[in-house]
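**Q** I'd like to ask you about the structure that follows.
The values are calculated or read from the model by the stated rules, or taken from the named source; none is laboratory data. Everything numeric here is computed off the predicted structure, so don't read it as measured data. Glycine gets a Cβ as well: all are built from the backbone with ideal geometry, and neighbour counts include every protein chain shown. In case anyone asks, the SASA skips ligands and DNA or RNA and just uses the protein heavy atoms, side chains included. Shrake-Rupley method; radii C 1.70, N 1.55, O 1.52, S 1.80 Å.
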Amino acid sequence: MDIGLTSLDEDDVKKHLTTAQSLITRCVVLEADDNESATEIAGTRRRFVSTVSRAGSRKTNKVELIKAISAVTAGDTMLSIAQHALVYKSRRALAVALAVSDVFSRQTSLESLSARNVASPLSGDEGAQYRSLLEASSYVAAFSFSAYLLQMIEAAGEPANDVEEPEFDFDSPQDILKSMVAGLDRAIKGSADDVVLLSRARAFARASLDGLLQRKSRFTGLGSFENTHLKSETDGFELIGFDVAPSAKRKPLVMTFKKPNEIIGNHIAKYQAIKLAKMLMAYDFDRQMNPFVELGGFLFTFIGDGAPGTGKTILIQMIAGIINDYCQMAGYGFHYENFGVDQISSYQGKSGQNCKQFVDNVLSTRTIGFGTVDDIDQVAAKRSDDRASAGQQEVTAVLMESFAGATTVIRGNCSFGMFSNYPENVDDALRQRAGARWLVDGPQTRDDYIDIFALLAGKNHSIPLGEHDLYKAQVIQKAVSEAYADYSKPQEDGLRKVYDRFLNECGEPQDIADVGAYLHMIKLAEPRFTGRAIKNITDAIKMRAMDIELPDEWFEAPEAFMHKDYDEKKSMIEELRGPFTMDMVMQEINRYADSEFRYTDKSDQAGVEAMIRNERLRERAAREITELKQKGLWAG
């Protein structure tokens, strides 16, 4: 649902084209003076630096952006396609920025104050308010200019990391745009070719946005623009307040969706996936909060692990399909994005930028988001792995900060899923940031294998089914209750030994002290069972307390639940909530601890197998060396 969507009228943009054209052709700006001479010292690339300080002094600078762009190919008077595109998009960005500042003026009292200031200069409180709103309008113009360039410029090659933000001049929208043009001119000067030109222009836009967001708190009067959603239908430029720096244009979601009845086995994972989809739809766009976050039980991050071919991909397709269907019915925007190995770059810093952009796209408070990192063991590296690329280490750092960092805010409009065949190869700290563990083990029982063969075989045959009640084992509530019951006792050998020792010493758990003692015994056996693991377990227990089946009737029409206000949604959910029991507590402890022991066992087994293989290779090499020596062929 496009909350407060406003179309940016093309006529409003066109009326600023003359001004925009003059700014990119030639403009004069006042800049801070430096002590460097304009002339290089003969025989060096250095310039003379005066010992007399000129701090605070200003100088005029003539900026001719078109000439600076055309100078990239000095021997050719005609602009290349890339150069012409940058000229056109820069002019367009200026015109759009001025049009957006006009929108801001109409939203506030700036338009009327400007008219009165023309007749007679304002003073006192009105004068102060006028100056404050004029500076805010300049901020909006600069933000729009930078956002437009970032969205519209497609750059390849090495990202520039030496581009600085401009010298911001917030006196008026035209003054700030002059300073933005001057900053862009500085950023692109000296570009070796068109690839570097576009890369530096895009880096300038990103640096400008970062600088503007850092200065945002200095301005008053920006509140009315926070919830503004502007879109230009002509070129697809979109601006959504200042929540997140705008990203590249989003492509329509193209995916083969799966239905829950097309997945055999994986009962707990499938059940929790269905619950997650319904939880996301409880998000309130006006309050920008989800009742499940306040009441407990919201799943912000999870990790699904299992052997190859057990159904992780179709589980992703199922979750995305359910959320997409709900969003289409409710009229909400849905953004799905996967971060994969193709976004790991050989250029320093680029992988981290790609990952941060992925996280920001999914976190956007204006849409329901679902982000996945498939094969995370290949995408994000262990920090102790010296064979991993710098790009993989960057991704690990970004994901750790985004999932449970100092600035992480969980609003309940999105969720992130990490999937891996080898979760033991994922950094321990990153893996522990997954609030839930889903064992994706595929079909397990005889009934599961009959069901999956019947499902995949289709109906183009006359082979009888035999003595079997088709899909009875897949009835979700029955299958889930049985799957949870299995975790009343641990599944992994290492945890089972701890559990048996606990029962011998303490007996069946009766109170919180018993639970704490069991957790401490697990900690002694598995050092990675830290305080974060306890938090994840308690979150899972709260989710079990919220183990309520939101009625399907709530999702048959948006008015029944999704379009109700926040307090009504919260009240409806609270009525269904129940207390959690000791059985739930022990099941969730065993589920989570099982995963840690499983990861440790896999890691240890992989190490043992590597050592055995190396020892066998050494023995074989020794035999072959002995044979070569006997034949007189060994010259070592």
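**Q** Are there any pairs, at least 6 apart or on different chains, whose C-beta atoms fall under 7 Å, with the first in segment 431-442 and touching a residue at least 60 places away in the same chain (Cβ under 8 Å) and the second basic (Lys, Arg) and surrounded by 24 or more Cβ atoms within 10 Å (Cβ to Cβ), and if so, which?
**A** As it stands, the answer is 440/312, since those pairs meet every condition given.
**Q** For segment 396-425, how many residues meet the condition of being farther than 30 Å from residue 326 by Cβ, touching a residue at least 40 places away in the same chain (Cβ under 8 Å) and of a type in the set (A, V, I, L, M, F, W, C)?
**A** The qualifying residues number 1.
**Q** Please verify whether segment 464-476 includes one or more residues that are assigned to a helix (DSSP H, G or I), over 21 Å from residue 374 (Cα atoms), modelled with pLDDT under 80 and out of contact with any Asp or Glu (no Cβ under 9 Å at 6 or more places or on another chain).
**A** Applying the first criterion (assigned to a helix (DSSP H, G or I)) to segment 464-476 yields 472-474, 476.
Applying the additional criterion that residues be over 21 Å from residue 374 (Cα atoms) yields 472-474, 476.
Now drop any that are not modelled with pLDDT under 80, which leaves 472-474, 476.
Now drop any that are not out of contact with any Asp or Glu (no Cβ under 9 Å at 6 or more places or on another chain), which leaves 476.
Scanning segment 464-476, I find at least one residue that is assigned to a helix (DSSP H, G or I), over 21 Å from residue 374 (Cα atoms), modelled with pLDDT under 80 and out of contact with any Asp or Glu (no Cβ under 9 Å at 6 or more places or on another chain), so the answer is yes.
**Q** If we only count helices (runs of 4 or more DSSP H) wholly inside segment 158-273, which ones have 2 or more residues that are surrounded by 19 or more Cβ atoms within 10 Å (Cβ to Cβ), touching a strand residue (DSSP E or B) at 6+ places or on another chain (Cβ under 6 Å) and modelled with pLDDT of 80 or more?
**A** Numbers: elements: 173-188, 194-215, 223-226.
Ranges flagged: 173-188.
**Q** Report, by residue number, each residue of segment 303-339 that is surrounded by 24 or more Cβ atoms within 10 Å (Cβ to Cβ) and among the charged types (D, E, K, R).
**A** 305, 312
**Q** Something else now. Could you give me the residue pairs with C-beta distances under 8 Å whose first residue belongs to segment 329-356 and is on the phi > 0 side of the Ramachandran plot, whose second residue is not polar (S, T, N, Q) wherever it lies, and which are 6+ apart or on separate chains?
**A** Qualifying pairs under 8 Å: 331/1; 331/558; 349/159; 349/394.
**Q** Against the definition (of a type in the set (Phe, Trp, Tyr), in contact (Cβ under 8 Å) with a residue 12 or more places away in the chain and within 30 Å of residue 424 (Cβ to Cβ)), how does residue 302 come out, yes or no? Walk me through how you get there before you give the answer.
**A** Numbers: of a type in the set (Phe, Trp, Tyr): yes; in contact (Cβ under 8 Å) with a residue 12 or more places away in the chain: yes; within 30 Å of residue 424 (Cβ to Cβ): yes.
Answer is yes for this residue.
**Q** Would you check if residue 388 is open to solvent by less than 10 Å² (accessible area, probe 1.4 Å) and either of a type in the set (A, V, I, L, M, F, W, C) or assigned to a helix (DSSP H, G or I) (or both)?
**A** Numbers: open to solvent by less than 10 Å² (accessible area, probe 1.4 Å): no; either of a type in the set (A, V, I, L, M, F, W, C) or assigned to a helix (DSSP H, G or I) (or both): yes.
No, not satisfied.
**Q** Determine which member of the set 535, 542, 570 is within 30 Å of the chain's Cα centre (by Cα) and modelled with pLDDT under 75.
**A** Values: 535 fails: modelled with pLDDT under 75; 570 fails: modelled with pLDDT under 75.
Result of the check over 535, 542, 570: 542.
**Q** Among the numbered criteria (1) surrounded by fewer than 23 Cβ atoms within 10 Å (Cβ to Cβ); (2) more than 19 Å from residue 539 (Cβ to Cβ); (3) modelled with pLDDT of 85 or more; (4) touching a Ser or Thr at 6+ places or on another chain (Cβ under 7 Å), which one does residue 441 miss?
**A** Result: residue 441 passes all but (3).
**Q** Still on this model: Taking the criterion of being acidic (Asp, Glu) and at pLDDT 85 or above, would at least one residue in segment 414-426 satisfy it? Even if it seems obvious, please write down each step before you answer.
**A** Taking segment 414-426 as the starting set, the residues that turn out to be acidic (Asp, Glu) are 424.
Adding the requirement that they be at pLDDT 85 or above leaves none.
Among the residues of segment 414-426, not one is acidic (Asp, Glu) and at pLDDT 85 or above, which makes the answer no.
**Q** Somewhere in segment 121-136, is a residue within 19 Å of residue 210 (Cα to Cα), of a type in the set (Gly, Ala, Ser) and assigned to a helix (DSSP H, G or I)? I'd like the intermediate steps shown before the answer.
**A** Restricting attention to segment 121-136, the residues satisfying the condition of being within 19 Å of residue 210 (Cα to Cα) are 135-136.
With of a type in the set (Gly, Ala, Ser) added as a condition, the list becomes 136.
Pick out the ones that are also assigned to a helix (DSSP H, G or I) and you get 136.
For segment 121-136, residues within 19 Å of residue 210 (Cα to Cα), of a type in the set (Gly, Ala, Ser) and assigned to a helix (DSSP H, G or I): present.
**Q** Residues being open to solvent by 30 Å² or more (accessible area, probe 1.4 Å) and either under 17 Å from residue 231 (Cα atoms) or assigned to a helix (DSSP H, G or I) (or both): count how many of those fall in segment 100-113.
**A** Qualifying residue count, segment 100-113: 5.
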